[in-house]
Every structure is written in structure tokens, then in C-alpha cells.
Amino acid sequence: MSNTAISEATMRGVLEQLPHMSGQIVDGTRHEKVLSYMRLFLASDAAVEQLMSWNALRTLAECLQPQSDMRVTATAVRFLGDAFRARNGKVLWTAVHTTQIVEWVVDNADSSHALVRVAWLHFMCQASYINDHAYVELLDRVDYPRLLLRRLLDSSYFVVASACMLLGRLFHVNTIDPNLSALIEQLVARPFALQTSARKAAVLATAETLLLLKNKDVQEFVHRVFAQPVLEPYLYDMDRLVRDRALDVLELVVLDVDAMGVRELVAALARRVDGCVVLRCLAAVVKQLPWNRCIEGGEARRLGLMIANMGVSLLLSIHPAVDGSDVDTVQTQITSSGVDTTEAQITSSDVDSIQTQITSSDVDSIQTPITSSDVDTIQTQVAKAAQQSPSASSMIACEAARIVREHSQTTFSAHTASSMCLLLSNPRVQQHTQLVQLVLSTLLQTLRLAHNRTHVQMVPQLICTFAIRAPGLRGVFDLALELLGSCNAEFVQGLEHAIRTRIVDVEWEARDTVLEFVTRAVRELAWPCVELLVTQQVVDDAVRALSDAEEYVRASAAYLLAAVVERGDEERARYVSEHKHLTQSDLARLVADSEAFVKRAALDLVHALGTRGVGMWIECLTYRTLYDLADDPDFEVRVRCARILALLTQTSPVNTSELQSTSLLLEMCRDSSRYVRAECLRSLRELKQNTPDVDMTSEPEPKRVYVGERTDLWKLRNVDLAQLEASLSAEHLYQEALDTQVARELMREKSDANAGNNILDCY
């Protein structure tokens with residue numbers, strides 16, 4: 001919303017009624033909406049001066065009374081804190097110290113209400129940007145180190161998050177505050193075994209907050225206090241939430257350690273027996289190594305490559321090929337697709353050839369602080385853990401795949417590409433949906449980074465792999481869309497064959513995904529790039545899909561055909577419109593579908609045919625059909641109906657009279673949805689530009705203009721478009737609600753609890 005939409009009178013009325021918002025209001029989001037409105041006012045250059053002239057501090061102080069609703073209190077305190085950041089906010093801060101608000105801040109630092117605690121922390125955080133003597137004095141009065149410790153240990157996640165924000169601000173304005181340093185050391189000092197879950201969360205949240213400051217002195221302090229031995233037990237905690245938070249901290253730590261620090265971390269992991277946690281930690285290391293600020297780029301890549309290759313080896317050892325034929329099949333696909341087989345050789349006689357290549361060519365030659373014994377130890381221990389049970393094997397395989405996936409985000413490896421293809425062809429891997437998804441995402445990212453573009457010939461083969469279900473298929477199609485504009489005809493033809501293969505998949509999600517991909521390609525790329533993709537056979541498949549048992553597939557097929565008609569060449573558009581299985585009755589049945597989203601797609605298709613001027617699009621419409629569509633419960637259906645009514649009025653005068661399209665369009669100008677009214681406004685503007693003025697006092701010309709049509713055209717020319725436009729914008733509705741409900745009684749619940757008396761009832 002623009003600032004000009006907020007009048008000073010309205011803002012003053014809202015502010016004065018804030019203390020009187022009823023405590024019986026159940027919906028807490030009402031207070032958030034009021035706060036968001038008042039915050040918009042602060043963007044004005046003169047906002048603080050206006051607040052001072054209204055004596056706003058006195059009004060806000062009324063919200064801080066003991067009997068006040070805590071939500072109103074929290075709203076007032078947060079607004080006041082935000083006002084300090086506005087232009088000339090320091091004037092307001094100075095004025096605050098002449099009121100009782102400061103005493104309220106001191107007295108309520110330990111409020112029993114979580115909302116007030118969050119608001120208090122927000123107030124102090126915003127005031128820290130002023131950071132004058134009065135602010136320092138206020139911090140001392142509330143004994144801020146001990147107070148922050150209590151807030152960091154709070155039971156509310158939101159309070160802890162707000163406390164971390166304040167902690168970060170205090171470290172920012174005073175890098176090494178001895179009181180805060182002592183607080184953090186005290187927080188970490190308690191033995192890990194004696195820490196509660198709340199304390200563990202506080203320790204990790206504090207570490208993460210300080211590391212994100214990116215201040216050298218602060219980070220040195222954090223690395224000293226949160227040394228590796230301190231962080232390590234959190235990584236192996238029984239609580240998954242604690243472990244995940246510790247991994248977030250580890251990722252930040254890796255950004256600022258040298259190569260020897262990475263070596264010490266890997267060595268420490270080699271002493272652990274929890275295979276899954278070890279691999280998660282290694283994935284965090286691999287993820288952040290490319291962005292490390294202390295290790296030279298080439299060395300960081302070598303370190304990441306060593307860990308990633310260990311992940312590949314683990315995957316191949318946990319899921320070896322079932323027999324040689326599987327390996328031969330993958331190798332044949334790679335060879336026929338043009339992949340450099342000197343880099344990606346897979347032989348049926350020795351499935352371990354990839355592991356041998358990885359070990360000999362990629363690892364032994366690397367000079368890194370990480371010794372091969374560390375890697376071997378981790379791999380041996382994890383492999384043993386994987387043998388304990390099928391579930392353990394599956395979990396470890398997934399964690400190993402995550403390592404390889406993180407490495408593939410920044411580095412291309414032909415070995416990784418060929419290994420992932422081998423795994424995807426393995427029936428054992430195909431039984432694990434999560435593992436298939438991880439391996440597939442790794443392969444797709446590897447192909448994105450391929451320097452040799454012939455690797456992309458794998459994409460059609462992946463689409464034809466029925467083990468890749470709909471979620472994975474979307475990722476493959478995303479890559480295909482990226483490549484489609486720059487690939488040769490051979491790739492496009494292979495893609496077309498793959499599409500026709502999967503469009504008959506027994507899984508409806510896969511069929512739907514295929515249709516959505518082709519629609520995206522037609523919409524987003526120039527027609528010459530997709531002409532070979534959208535063949536007549538693909539159109540035939542899409543037309544057949546209009547009768548699919550699954551409604552989502554029907555809708556996607558209609559959207560695809562609409563896209564082809566709109567963006568395709570004349571030949572393809574006419575092929576769609578004249579298709580023998582896309583008759584008048586077929587379109588009518590689709591428009592009358594029971595599902596709203598199918599009707600939306602069907603109306604888009606009808607509109608596309610009408611705009612292009614092809615097909616029997618008018619014949620599928622009747623007055624009753626249009627009337628029902630104009631009264632449909634789904635507003636998006638009504639939007640499309642208005643669009644078609646305008647098209648009918650413009651293109652077919654005879655049918656306009658029979659279908660009464662102009663009358664229906666005028667009636668829809670009073671629709672309850674502003675989106676429908678907006679479409680009517682757009683359509684009416686076009687119609688008024690394209691139709692002549694109608695003189696209702698003259699005699700009609702029967703052969704040229706029907707009486708009914710003449711009347712409708714006269715009504716059309718006399719629609720008050722300015723009034724219609726005024727009812728459309730969200731700003732208008734927002735402003736209207738505030739302008740009409742600023743009286744004190746309208747801010748309250750009069751009789752029944754939560755009766756709906758609210759300044760923002762329109763939302």
C-alpha cells in the first residue's frame with residue numbers, strides 16, 4: 001500500500017481507539033493487522049512530528065495499564081519501538097523518558113506474558129539503534145546480562161528468537177562487552193550432560209546469532225568459547241531438533257576454519273560410531289567448503305572432492321549392481337548418448353571400477369591435511385553400521401547421497417554422473433523413494449554443471465525411467481526446460497519421444513507432470529524452440545487426456561491446448577481447433593465439468609480458440625451455460641466468464657443478442673469479487689473504445705442493430721467506469737474500512753463476544 005493511502009485523520013483515529021480494543025476479541029491477527037497499518041504510517045517523513053503533536057505517548061501509555069489486554073499492550077510497545085527507527089525517532093525516544101513508559105519497561109522486563117516479553121525485547125532492540133546514555137542506563141536498570149540469560153532459556157521459541165536479535169544488536173554496538181561475554185561463557189559452562197533441552201537450544205541459538213554477525217572479533221570469541229569439543233556433543237544429541245540446530249552452527253563454523261581445522265573435524269568424526277550423524281556433519285562441511293574464507297579455492301575443492309568421493313564409494317558398496325546386465329545397460333545408454341566413456345567407464349566385470357578410479361585418480365594425488373586413514377576409518381565404520389539392518393542401510397545411503405549432492409552443487413564430475421546413473425538403474429535403489437530422489441537431484445545438478453554438453457543426452461533417458469515418479473520427474477523437466485532453448489534437434493526429438501512415453505504412465509501425477517512441462521515450454525520459450533517438441537502426436541495425446549479419469553490431468557491437458565492455440569503457428573493452432581476428438585460437445589462437457597479448476601482450464605481453451613478465431617468455440621456456449629458460469633462459486637471461473645462475455649460482445653453481434661453476453665457482462669460489474677469487477681472494467685474499456693456512440697432517441701436500424709443489442713450498447717456506453725474502478729484496489733477496501741470505523745464504539749465488541757466489530761473486518 002502506498003503511504004498516501006493513509007490519511008493523518010484516519011491514523012489518529014486508529015491510534016486513539018487502540019487502548020479500547022476489546023479483550024473479548026478471539027482472533028489475535030486483528031492486532032497484527034492494526035499494527036501493520038500503523039507501521040505503514042511511520043514511513044512518512046513527518047510521522048514522528050505528527051505523533052508528537054497528537055500526544056501519542058499519552059495514548060500509548062493508556063495501553064500499558066495493568067488492566068489492559070496483553071495483546072493491545074504488546075501492539076503498543078512494538079509500535080513505539082518501530083517509531084524509534086523512523087525519521088527523527090530520537091526525538092520520540094527523548095520524550096519517552098519524560099513519561100511513565102520507562103518505568104513500565106523496567107517493571108515488565110520479566111512479564112509473565114510471552115507476547116509482552118517479545119514486545120519488550122523488540123522495544124529494546126529497536127532502541128539500540130539510538131544507543132545513547134539513556135539507553136545504556138536503561139539496560140543497567142534491568143540488569144541486562146541476567147535478563148538476557150533468562151530470555152534465552154525461555155520456553156517460548158519466539159521469545160528466544162527475539163532475545164537472540166537483541167543479543168546480536170548489543171554485540172554489534174559494543175563488540176566485546178565484558179558483561180555479555182561473561183553471560184555467554186556462563187551459558188556454555190554447564191556440563192553438557194546436565195543441560196536441559198531449553199539450555200541446549202539457547203547455547204546453539206546464541207552461537208548461530210554471533211557467527212552471523214560476521215565480525216572478526218566476535219567470531220574469534222565464538223570460536224574460542226564454542227570450540228570443537230564443545231560443539232561436538234550437540235551434534236550427537238538424542239533430540240533431533242538439537243542436532244539440526246548444531247548442524248546449522250557447524251555450517252557457519254566451517255566458513256571460518258583453516259584446512260587444519262577441517263582435518264581436525266574429520267579426525268574427530270572418524271572416532272565416532274554413529275554413521276548417520278557423521279555423514280550429516282560431512283555433508284555440512286562439503287556444503288560450506290566452497291565459501292570458506294580461510295582456505296584457498298583449489299584446496300577447498302580438493303577437500304570437498306575427497307569427502308564426496310567417499311560418499312560415492314559408500315553408495316556403490318551399499319547398493320552394488322544386481323548383475324552385470326544392469327551395468328551394461330547403463331554403460332550402453334551413456335555411450336549412445338555421447339558421454340565421454342574414457343571418464344565414465346562402467347564395466348560388467350568389475351562394478352568397483354568406479355570406486356577404483358575415484359580412489360586412485362582423485363584421492364591419492366591430492367595433497368590435503370585430511371589423511372586417507374581418516375577417510376578410510378569413516379568409510380569402514382559407516383559401512384559396518386549399514387550392515388546392521390535394512391533400515392540402517394537405507395538411512396546411511398541417504399546421508400551418503402546428501403554428501404554427494406552438496407558437492408554437486410558447485411563441482412561437475414563425470415564419475416559422479418555415471419555413478420548416479422548406475423544407482424538409478426539398480427532395482428534395490430528403486431525400492432527406496434527418498435534415495436531415488438536424492439540420487440536423481442545429485443545427477444541433475446551434476447548435469448547442469450557439465451562442460452561437455454553431450455552429457456545432457458541423458459535427460460530423455462531419465463524421463464523414460466519409470467522408477468522416477470512425479471516429484472523427481474518435475475526436477476528432470478526443470479533441467480530439460482533450461483536446456484531446451486539451446487539444444488539441437490536430436491535432443492528435442494528424444495525429449496518428444498520421452499514425453500509420449502510418460503504421458504501414458506499409470507500414475508496420474510506423472511501424466512499431469514508431463515502435460516504441465518509441455519505447457520511451460522510453450523508459454524516460456526519461443527515457438528521455434530518447441531515446434532519439434534509439440535508434434536501432432538503430442539497434441540493427439542493431449543486431446544485424449546481431456547477425457548482422463550483424473551480431473552487434474554484434464555485441466556492440465558486443457559491448459560496445454562490453450563497454450564498451443566495462443567502461441568503456436570497457424571498450422572498447429574488449426575490442427576487443435578479442427579481435431580476430430582475436440583468437438584462442440586467435447587468442449588461443452590469440459591466447460592460443465594464438476595471441478596472448478598477444470599472449468600478454469602476449459603474456459604481458457606475456449607477463450608484461446610475465440611481470440612485466434614478458429615474452431616467451433618461459440619457453438620459450445622449457451623445462455624444457460626454462461627449464466628451458470630457467471631454465478632459460479634469460484635471467482636476465478638467468473639473472471640474467465642467475464643473475459644469470454646467481452647469476447648463474444650466484440651466478435652459476434654448476432655450471438656451477442658442470442659446469448660445476451662453484454663447484459664451478463666454488465667450484471668457481473670456488481671460481482672462480489674473485486675477481481676471479477678476488475679476484469680469487467682478492463683473489458684468494458686476495450687468495448688467502449690471499439691463501439692460507436694448510440695443515440696437512444698433516434699429510430700433503430702433493424703437490419704443493422706437489434707433493439708436488445710442497441711439497448712445493451714447504450715447501457716455499456718453509460719457505465720460509470722470511474723466508480724467501478726474505485727471499488728477495485730485493496731488499498732481502497734483497507735482505507736474504506738478504517739475511514740468508516742474510527743469511532744470508539746466500533747473498535748469494541750458491544751454485546752456478543754467476537755461479534756465482528758473490527759476495523760479490518762473486510763479481511
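Odds and ends about this structure:
- Search result, residues across the range 617-628 that are assigned to a helix (DSSP H, G or I), modelled with pLDDT of 85 or more and either open to solvent by 10 Å² or more (accessible area, probe 1.4 Å) or in contact with a His (Cβ under 8 Å, 6 or more places away or on another chain) (or both): Tyr623, Arg624, Thr625, Tyr627, Asp628
- Residue in the range 198-205 that is under 19 Å from Arg243 (Cβ atoms), surrounded by fewer than 14 Cβ atoms within 10 Å (Cβ to Cβ) and at pLDDT below 90 present: yes
- The residues of the range 266-282 that are under 21 Å from Cys398 (Cβ atoms) and part of a loop (DSSP other than H, G, I, E, B), listed by number, are Arg272, Val273, Asp274.
- Boolean, Arg428 is within 23 Å of the chain's Cα centre (by Cα), basic (Lys, Arg), open to solvent by 10 Å² or more (accessible area, probe 1.4 Å) and over 17 Å from Val285 (Cβ atoms): no
- Qualifying residue in the range 559-576 (condition: more than 32 Å from the chain's Cα centre (by Cα) and surrounded by 23 or more Cβ atoms within 10 Å (Cβ to Cβ)): yes
Every residue, every condition in (1) of a type in the set (D, E, K, R); (2) within 25 Å of Thr513 (Cβ to Cβ); (3) without any contact (Cβ under 8 Å) to a residue 60 or more places away in the chain; (4) surrounded by 22 or more Cβ atoms within 10 Å (Cβ to Cβ), yes or no:
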residue	(1), (2), (3), (4)
Ile396	no, no, no, yes
Phe412	no, no, yes, no
Met420	no, yes, yes, yes
Thr446	no, yes, yes, yes
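- Just one of (1) within 23 Å of Gln379 (Cα to Cα); (2) over 33 Å from the mean Cα position of the chain (by Cα); (3) modelled with pLDDT of 50 or more fails for Asp258. It is (1).
- Whichever residue in the range 591-630 is among the charged types (D, E, K, R) and under 32 Å from the mean Cα position of the chain (by Cα) and, among such residues, is nearest to Ser547 (Cα to Cα): Asp593
Quick grid of which residues meet (1) in contact with a Leu (Cβ under 7 Å, 6 or more places away or on another chain); (2) free of Cβ contacts under 8 Å to residues at least 24 places away in the same chain; (3) among the small types (Gly, Ala, Ser); (4) closer than 26 Å to Val106 by Cβ:
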{"site": "Met11", "(1), (2), (3), (4)": "no, no, no, no"}
{"site": "Ile25", "(1), (2), (3), (4)": "no, no, no, no"}
{"site": "Thr29", "(1), (2), (3), (4)": "no, yes, no, no"}
{"site": "Thr75", "(1), (2), (3), (4)": "yes, no, no, yes"}
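- Residue pairs whose Cβ atoms lie under 6 Å apart, separated by 6 or more positions or on different chains, with the first residue in the range 49-69 and under 16 Å from Met21 (Cβ atoms) and the second surrounded by 14 or more Cβ atoms within 10 Å (Cβ to Cβ) and of a type in the set (Gly, Ala, Ser), are Leu60/Ala76; Cys63/Ala76.
- For the range 171-187, a residue qualifies if it is crowded, with 21+ Cβ neighbours inside 10 Å and within 14 Å of Met124 (Cα to Cα), and exactly one does: Phe171.
- Tally of residues being of a type outside the set (Phe, Trp, Tyr), touching a residue at least 40 places away in the same chain (Cβ under 8 Å) and open to solvent by less than 30 Å² (accessible area, probe 1.4 Å) across the range 500-524: 10
- Residues that are over 35 Å from the mean Cα position of the chain (by Cα) and among the β-branched types (Val, Ile, Thr) were ranked within the range 99-129; the one that is surrounded by the fewest Cβ atoms within 10 Å (Cβ to Cβ) is Val106.
- Among the residues of the range 215-252, those that are within 28 Å of Ile176 (Cβ to Cβ), modelled with pLDDT of 90 or more and either open to solvent by 60 Å² or more (accessible area, probe 1.4 Å) or out of contact with any helix residue (DSSP H, G or I) (no Cβ under 8 Å at 6 or more places or on another chain) (or both) comprise Arg245, Asp248.
- Of all residue pairs spaced 6 or more apart or on separate chains, those with beta-carbon atoms under 8 Å, a first member in the range 663-680 that is closer than 16 Å to Asp634 by Cβ and a second member that is open to solvent by 40 Å² or more (accessible area, probe 1.4 Å) and acidic (Asp, Glu) are Tyr675/Glu636.
- Selected residue (only one of Val639, Val598, Val614 is at pLDDT 95 or above and open to solvent by less than 50 Å² (accessible area, probe 1.4 Å)): Val598
- For the range 541-553, taking the residues that are in a helix (DSSP H, G or I) and closer than 14 Å to Val514 by Cβ, the one that is most open to solvent (accessible area, probe 1.4 Å) is identified as Arg544.
- The residue list Leu484, Leu495, Leu473 contains one member that is closer than 29 Å to Ser394 by Cα and hydrophobic (A, V, I, L, M, F, W, C), which is Leu473.
- Residue list for the range 278-318, filter: in contact with a Lys or Arg (Cβ under 8 Å, 6 or more places away or on another chain) and surrounded by fewer than 23 Cβ atoms within 10 Å (Cβ to Cβ): Arg280, Pro290
The values are calculated or read from the model by the stated rules, or taken from the named source; none is laboratory data. Fair warning: this is a prediction, and the values are worked out from it, not measured in the lab. Note: ideal-geometry Cβ built from the backbone for every residue, glycine included; neighbour counts use all protein chains shown. These accessible areas exclude ligands, DNA and RNA; they are computed on the full protein's heavy atoms, side chains included. Shrake-Rupley method; radii C 1.70, N 1.55, O 1.52, S 1.80 Å.
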